[in-house]
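**Q** Before I ask anything, here is the structure I am working with.
The values are calculated or read from the model by the stated rules, or taken from the named source; none is laboratory data. Every value quoted in this text rests on a predicted model; they were computed, and no experiment measured them. FYI the Cβ positions are ideal-geometry reconstructions off the backbone, even for glycines, and counts take in every protein chain you see. Note: accessible area is taken over every heavy atom of the protein model, side chains too, but ligands, DNA and RNA are not part of it. Shrake-Rupley method; radii C 1.70, N 1.55, O 1.52, S 1.80 Å.
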Amino acid sequence: MSSNSADTVSREIITYPELVALLQQVFRAHGASPSVAAVLAANCAAAQRDGAESHGVFRVAGYLSTIASGWVNPAAEPQVEDVAAGYVAVDAGNGFAQPALAAARPLLIAKARHAGIAVLAIRNSHHFAALWPDVEPFAEEGLIALSVVNSMTCVVPHGGKRPVFGTNPIAFAAPCAGRGPLVFDMATSALAHGDVQIAAREGHMLPEGAGVDAQGAATTDPRAVLDGGALLPFGGHKGSALSMMVELLAAGLTGGNFSFEFDWSRHPGAQTPWTGQLLIVIDPAKSEGGQFAERARVLVERMSDAGVSRLAGERRYQNRKRSLEQGIPLAPERLAALRGWAVRA
Ligand code: NDP
Ligand code: PYC
């Protein structure tokens with residue numbers, strides 16, 4: 001690790017493997033089992049590496065306060081269920097969703113390759129992270145993956161007066177010939193809740209149409225959204241319909257909680273939504289002509305010809321390249337906090 005003196009804002013540089021190792025120590029020191037700590041550390045470090053600020057090390061304090069509150073089991077052993085030819089389920093045991101996905105992944109891939117498509121339904125799980133790390137690796141293995149997860153009630157459905165939905169992201173990844181996977185990952189709310197928290201901390205206003213205050217009046221003040229207000233879906237009725245779909249697939253289908261169904265009030269410090277997650281994995285080798293990645297390339301080239309200079313996921317890929325070459329810059333006080341948490345008795 002070294003200091004980056006070229007930066008006007010003071011930053012320390014930590015390499016990606018160093019950050020993974022440090023986060024692993026942090027999660028271990030706060031009760032996570034070795035396997036859960038490894039999965040959470042890799043996920044969180046990857047988000048920071050890719051410049052996904054709202055779900056990188058910013059989230060660690062929330063993970064730790066949640067674990068301390070007793071709301072989540074950081075040593076849960078996921079139970080994988082082989083339900084049908086194309087259907088795998090996991091009871092995450094009130095643990096995190098990513099270890100449940102890791103446990104079910106080999107069976108899910110085997111089923112998708114055999115049948116052409118397979119579903120993974122995770123329930124009784126907590127997802128506090130970006131969703132792209134859950135789908136991108138499938139596309140790196142030549143598969144198409146779509147995932148949805150619901151969160152905590154903080155989004156007013158289009159036409160409604162009270163929050164019902166979570167921020168409910170949708171992530172998609174597909175292989176593309178001649179380049180890395182095509183990936184998008186987006187909240188179905190106007191903004192991710194994490195970005196509202198960051199705006200409040202840094203004193204930025206939100207874009208018009210992002211949220212309402214406690215009285216239901218439109219506001220661009222992040223503190224008003226956080227203090228009894230709520231977010232709105234992106235794109236009016238269209239984002240609202242997608243958010244409803246996420247609730248149905250991630251919770252209704254899996255057996256997890258809807259975003260409005262859990263009560264964490266007896267667990268002060270709890271921040272992780274106790275819901276469900278769905279993944280759908282498709283093997284494009286079964287597609288007509290078996291040329292999916294080449295067809296994806298045709299589409300991307302046409303988009304480029306039409307003037308598109310930035311595809312979804314490319315900002316992250318560029319950040320990733322820079323982070324792997326130059327290290328990850330972090331505020332010294334943030335690194336000091338991580339180091340302190342890592343040695344907690
Ligand atoms: P953004 O609006 O920042 O980005 C959404 C997608 O659009 C990304 O794939 C992004 O690519 C792409 N994109 C952004 N700007 C452009 C552009 N100008 N041209 C082309 N593509 C673009 O994400 P959100 O704020 O909606 O979500 C942030 C994160 O929060 C996500 O990772 C999501 O999973 C997470 N989240 C997690 C929840 C949970 O319950 N676990 C709940 C809600 C959100 P790129 O990544 O390259 O910028
Ligand atoms: O940013 O909306 C969000 C979020 C909810 C749960 C994890 N991240």
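**Q** Kindly evaluate Ala200 against the criterion of being touching a residue at least 24 places away in the same chain (Cβ under 8 Å), farther than 17 Å from Ser240 by Cβ and in contact with a Lys or Arg (Cβ under 9 Å, 6 or more places away or on another chain).
**A** yes
**Q** Separate question: If a residue must be open to solvent by 10 Å² or more (accessible area, probe 1.4 Å) and not in a loop (DSSP other than H, G, I, E, B), how many such residues does segment 133-148 contain?
**A** Result for segment 133-148: 5.
**Q** Looking at Val88, Val164, Val183, Val155, can you tell me which residue is in contact with a helix residue (DSSP H, G or I) (Cβ under 9 Å, 6 or more places away or on another chain), within 13 Å of ligand 1 (Cβ to nearest atom) and over 22 Å from Asn43 (Cα atoms)?
**A** After ruling out the rest, the residue left standing is Val155.
**Q** Out of all the residues in segment 309-345, which are assigned to a loop (DSSP other than H, G, I, E, B) and open to solvent by less than 100 Å² (accessible area, probe 1.4 Å)?
**A** Matches in segment 309-345: Leu311, Ala312, Gly313, Gly327, Ala331.
**Q** For segment 166-197, how many residues are touching a residue at least 60 places away in the same chain (Cβ under 8 Å), open to solvent by less than 30 Å² (accessible area, probe 1.4 Å) and within 16 Å of ligand 2 (Cβ to nearest atom)?
**A** Adding up the residues that qualify gives 7.
**Q** Limited to segment 201-225, what total is found for residues that are part of a helix (DSSP H, G or I) and surrounded by fewer than 18 Cβ atoms within 10 Å (Cβ to Cβ)?
**A** Result for segment 201-225: 3.
**Q** What pairs come out if I take residues in segment 87-115 that are in the same structural domain as Ser125 (by TED's automatic domain parsing) and farther than 23 Å from Thr272 by Cβ and pair them with residues that are open to solvent by 10 Å² or more (accessible area, probe 1.4 Å) and among the small types (Gly, Ala, Ser) whose C-beta lies under 6 Å away, six or more apart or interchain?
**A** Listed by first residue and then by second, the contacts come to Lys111/Gly86; Ala115/Ala85; Ala115/Gly86.
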